[in-house]
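So the structure is just underneath, and the comments pick up after that.
The values are calculated or read from the model by the stated rules, or taken from the named source; none is laboratory data. All figures in this text were calculated on a predicted structure; none of them were measured in a lab. So basically every Cβ, Gly included, is an ideal-geometry build from the backbone, and we count neighbours across all protein chains shown. Accessible surface areas use protein heavy atoms only, side chains included; no ligands, DNA or RNA. Shrake-Rupley method; radii C 1.70, N 1.55, O 1.52, S 1.80 Å.
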Amino acid sequence: MCLAIPGKIIEINEDSTTALVDFDGLQQNVIIALLLNPTVGNYVIVHAGYAIEQMNETEALEAIEQWKEIAQDQDLNLSDML
């Protein structure tokens, strides 16, 4: 089973292969080397520390809400799933 969490690129690091990604308030550096033309403000799907796909904002926000519901149902924080 593959779990991938959507987040928003808020800063691309100097090396251009990693970026700071915001996951509904939680921020982590992830590898963006697999993406074509990642830009600040884009939403990405992250699995195991790698941004594996870009997605549109509407889909990303819907997915984030679903992850929040899952976390709440399981009595977890979103940070527990990252």
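Data table
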quantity: Within the stretch 1-11, considering residues that are open to solvent by 60 Å² or more (accessible area, probe 1.4 Å) and in contact with a strand residue (DSSP E or B) (Cβ under 9 Å, 6 or more places away or on another chain), the one farthest from residue 67 (Cα to Cα); calculated: 11
quantity: Qualifying residues in the stretch 33-59 (those that are open to solvent by 80 Å² or more (accessible area, probe 1.4 Å) and either in contact with a helix residue (DSSP H, G or I) (Cβ under 6 Å, 6 or more places away or on another chain) or of a type in the set (D, E, K, R) (or both)) - the one farthest from residue 4 (Cα to Cα); calculated: 57
quantity: Yes/no for residue 30 being more than 14 Å from residue 3 (Cα to Cα), in contact (Cβ under 8 Å) with a residue 12 or more places away in the chain and open to solvent by less than 70 Å² (accessible area, probe 1.4 Å); calculated: yes
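Quick grid of which residues meet (1) outside any helix (DSSP H, G or I); (2) at pLDDT below 95; (3) over 22 Å from residue 12 (Cβ atoms):
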| residue | (1), (2), (3) |
| --- | --- |
| 38 | yes, no, no |
| 41 | yes, no, no |
| 52 | yes, no, no |
| 66 | no, yes, yes |
| 69 | no, yes, yes |
| 76 | yes, yes, yes |
| 80 | no, yes, yes |
